[in-house]
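Peer 1: Sharing a structure, written as C-alpha cells. Questions coming.
Read-outs: derived from the displayed coordinates by stated rules, not from any lab. Here the structure is a predicted model, which means the values were calculated and not measured. Positions of Cβ are backbone-derived with ideal geometry, glycine not excepted, and every protein chain shown enters the neighbour counts.
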Amino acid sequence: MIKYRLICNESHEFEGWFRGSEAFDAQAKSGHLSCPVCGTSAVSKAVMAPAIAGRRGGAATRQAPGAERQREIFAALRKLRSEVESKSTYVGDRFAEEARKIHFGEGEERLVHGEASLDDVKGLVDDGVPVLPLPRLPKDLN
C-alpha cells in the first residue's frame, strides 16, 4: 500500500491510499477519484516530501503547510453552517420558490435553507433575492 498526497484542480489537498502507483493511475483515469471538499474528479498527485528518520529512530512528524489553519477554517465553517441550519427552516428543493415568496412579501417572513440548482440561484440573484451558499465540508479530514 502507498499513501499519496492528492490535490484537485481547485487546490484542495487530501490523502489517499492505493495498492500501488498503477492503482492510482487507473482510478484517476476512470474518474473514480473525487475531491472530498468540492467533489471534482480532476485529481492528481501533489508534491510529497519523504519522511526522514529523526535522531530517536522514528520518522520525523511533519504536518502539511497550512494544515492547522485549514482545520481552524473548516471548524469555523462547520459552526457557521450549524448555526444557520439551527436558526432557519429547511425547505428542501422548494428553496428557490420559498425564498422568492418571502422576498416579495408573498410568504411568511422567516429564514430558510434548502437545495437549489445553479439556474435557480442565478434566477434568485437576478430577481434581487439575497442568497448565500452553505459550504459542504468533508466529515473527517484525517
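Peer 1: Work out how much length ASN9 to ARG100 would gain on full extension: take 0.36 nm times their residue separation and subtract the Cα-Cα distance, in nm to one decimal.
Peer 2: 29.4 nm
Peer 1: Once you have a ≥ b ≥ c as the square roots of the Cα gyration tensor eigenvalues for segment 2-45, tell me rounded if a/c is under 1.5, and otherwise prolate or oblate according to whether a/b is larger than b/c.
Peer 2: oblate
Peer 1: Please go through the residue pairs LYS3/LYS122; LYS79/LYS122; LYS45/LYS122 and name each one whose alpha carbons sit more than 31 Å apart in this structure.
Peer 2: The answer is LYS3/LYS122; LYS45/LYS122.
Peer 1: Taking the Cα-to-Cβ direction at GLU72 and at THR89 and moving 7 Å from each Cα, how far apart do the two end points lie in nm?
Peer 2: Placing both labels 7 Å along Cα→Cβ, they lie 3.9 nm apart.
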